[in-house]
Amino acid sequence: MNHQKLLLIIIFFSIILIFILGSYLTSHSAVTIFNKISPSFQLKARTEIWPSIQNFSWSIPKADDNEAHDTKTKPEAANNRQATGLAGSRQDSKYKKSQKTEVSDAQKFVQKSHGAENPSKKKDAAAKEVIFRIFANMDEELRDQYLIQVKKFESEHSTQINQLPVSMQRNFLEKFLKAAGYYQKLPDVINIGVKKSGTNALGFFIAHHPLISHSLGNEVHFFDWNYQKGLKFYRSKMGFTSKFQLSFEKTPRYFVTDSAPANILKDLGNSTKFVLCFRDPIDRLVSDFRHETELRLRKEWIKSGKKKMNSSPEKEGKKLEKLLIDKKGNINVSSDFIRTSSYSIHLKNWLKYFPLDNFIFLDHDRLLQDTFSVMKEVESFLDLKEFFRKDMFYFDPTRGGPCMHTDGKPCPSKSTPGFMPKAKLSKAVQAKLRVYFRPLLQELLNITGKRFPWSHSYL
Ligand SMILES: Nc1ncnc2c1ncn2[C@@H]1O[C@H](COP(=O)(O)OS(=O)(=O)O)[C@@H](OP(=O)(O)O)[C@H]1O
């Protein structure tokens, strides 16, 4: 073989080698390197690079491929644009995620702007609400990318996305998210309670972390009320989550639902983590009683068309005492108010299925007074990259709770409107309750090793 031939063979094999190496580097190795960099950078990089997004395409399906809602009028279409957040002012978020749009507001918004008298309108309103929630959950960069795709689609098809049926708009958004690597994931973390212990505020703050993906609704209620609907239903309620994020939901009623831990273990596995917030058990039940009273009154007012309210802390106190104490003067242990505050009883049930390490035990009073430290604890419990800073939080005296400095909605929604006075319990009943809760709180202390700021008045 002469020198020239040998050189040609070497060049040929070198080209093949470079080609193989090149394609390996741009696929496998790139992913490996990508996975080694910090999660928040990954998150940013994904939203900036998104190779798959470049190829995203969505063609308008035939009318009968979708639920038929083809009779859309122009004003409705304009409302859709608002519902998707595409109209005019896009909320810019200082802290990345624009989770500030709360579900209750989303519901109000949707009901107000669309009405929901007939079933097809109701269905549309529901689809719009889902779009609205998904949109509210999206990161700033993700939204920007989405809007680019919307523009591209609109110019390619000479149409406006908001003039398509709502189900198609939802389909477009979901397909985009999937192409970007976001999918609806069953939860990794659940805030399981306790009711009236600051769970709303906690969920609101946790959701601001860029590596947390909050469920689409405020409370999903799968393992208590909707279990028979199956995991497909549950998944459909979860937020769109990238592989770098943890999927999160909160439903305080899970804590007191006896079947919940066994079903969670079966369906989500033993690595599920639980956020649990406790509160002084008497304060908690007083708050719970007001919450339930207000819910009942609202229903009665809607039914009767009359708004009656004549009460005082003492009157409410008497009503609550009747529920807490039975005719013989003993604690009514079957009352839900007592039951929910009997923390150790429920926790023991959960610990039959999950180890203690899967739980973080937080405190309502500390959440209110030192929100930052509590959020740092949560961050480290979930192994999240550091995000929360002290200057992000402030106490709002008019709300009586912590809020966050954001350009969007800064405060968690009030879980109770608070139009009724809080019940004032007599000293005698309070003393009885303290005696009842003492051994239960001692048990809680023994299990968790945690002494809460209010424990000293019981132990
Ligand atoms: N920022 C902010 N705004 C309003 N409320 C706040 C906030 N932070 C904590 N809290 C406390 O949360 C209590 C309600 O608890 P939950 O959110 O767990 O209630 S619920 O179970 O979801 O209905 C609520 O209890 P009550 O005010 O006694 O009703 C508050 O003490």
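Between D267 and S455, what FRET efficiency comes out of the Förster formula 1/(1 + (r/R0)^6) with R0 = 35 Å and r the beta carbon distance, rounded to 0.05? Given R0 = 35 Å and the Cβ-Cβ separation, E is 0.55. For the stretch 114-191, the fraction of C-alpha pairs farther apart than 18 angstrom is 49 percent.
Please give the Cα centre distance for the stretch 430-459 versus the stretch 319-369, rounded to the nearest Å. After rounding, the separation between the Cα centres reads 11 Å. Exceedance of the 27 Å cut-off in Cα-Cα distance is limited, within the set K195/K348; K250/K308; K195/K409, to K250/K308.
List the trypsin sites (Lys or Arg not before Pro) in the stretch 244-313 that DSSP assigns to loop (not H, G, I, E or B) and whose Cβ has at most 16 other Cβ atoms within 10 Å. Which are they?
Working: sites: K250, R253, K266, K273, R279, R284, R290, R296, R298, K299, K303, K306, K307, K308; in loops: R279, K306, K307, K308.
Hits after loop and neighbour filter: K306, K307, K308.
Neighbour counting of Cβ atoms within 10 Å sorts the residues C277, C411, fewest neighbours leading, into C411, C277.
Roughly what would the spin-label model give for K427 and D370, points 7 Å off Cα along C-beta, in nm? Reported label-point gap for K427 and D370 is 3.2 nm. Taking amide H as placed 1.01 Å from N in the peptide plane, S213 has its amide H under 5 Å from the amide H of L246, S247, F248, each at least 5 places away in sequence or on another chain. All Cα-Cα distances of the stretch 319-447, cut into 5 Å bins from zero to the largest, leave 2, 8, 13, 15, 15, 16, 15, 10, 5, 2, 0, 0 percent in each bin in turn.
What trypsin sites (Lys or Arg not before Pro) in the stretch 311-414 are in a loop by DSSP, with at most 12 other Cβ atoms within 10 Å of the Cβ? If you can, show how the numbers build up before the last one.
Values: sites: K315, K318, K319, K322, K327, K328, R339, K348, K352, R366, K376, K385, R389, K390, R399, K414; in loops: K327, K328, K352, K385, R389, R399, K414.
Those that pass, being in a loop and sparsely packed, are K327, K328, K352, R389.
When the listed pairs K185/K229; K352/K376; K266/K376; K299/K319; K178/K237; K273/K450 are checked against a 21 Å cut-off, the alpha-carbon distance exceeds it for K352/K376; K266/K376. Amide H contacts for Q184 (H built 1.01 Å from N in the peptide plane; partners 5 or more residues away or on another chain; cut-off under 5 Å): T241.
If each residue of separation counts as 0.36 nm, what is the full-extension length gain between N446 and K385 once their alpha-carbon separation is subtracted?
Length gained, N446 through K385: 18.8 nm.
Could you check how many percent of all C-alpha pairs in the stretch 165-321 are farther apart than 21 Å?
On the way: 6931 of 12246 pairs.
For the stretch 165-321, the share of Cα pairs beyond 21 Å comes to 57 percent.
Listed values for the stretch 143-149 are Karplus-derived 3J(HN,Hα) couplings in whole Hz (6.51 cos²θ - 1.76 cosθ + 1.60, θ = phi - 60°), namely 4, 4, 4, 4, 5, 4, 5, and x replaces Gly and Pro.
Only one residue of N171, T199, V189 has its Cα farthest out toward the positive end of the dipole of the stretch 158-211, where Lys and Arg carry +1 and Asp and Glu -1 on Cβ, and that residue is T199. Between K229 and H3, the C-beta separation translates, for a Förster distance of 56 Å, into a calculated FRET efficiency of about 0.15.
Set against the 2.2 N^0.38 Å expectation for a compact globular protein, the stretch 376-420 has a Cα radius of gyration ratio of 1.43. Summarising the label geometry, the points placed 7 Å from Cα in the beta-carbon direction at S311 and K152 lie 5.6 nm from one another. Among the GluC sites (Glu not before Pro) in the stretch 306-388, those located in a DSSP loop and surrounded by at most 11 other Cβ atoms within 10 Å of their own Cβ are E386.
Here, each number is a calculation from the coordinates, and none is a lab measurement. All of these numbers come straight from a predicted model, not from anything done at the bench. For neighbour counting, all protein chains shown are included, and Cβ atoms are generated from backbone atoms with ideal geometry for every residue, glycine included.
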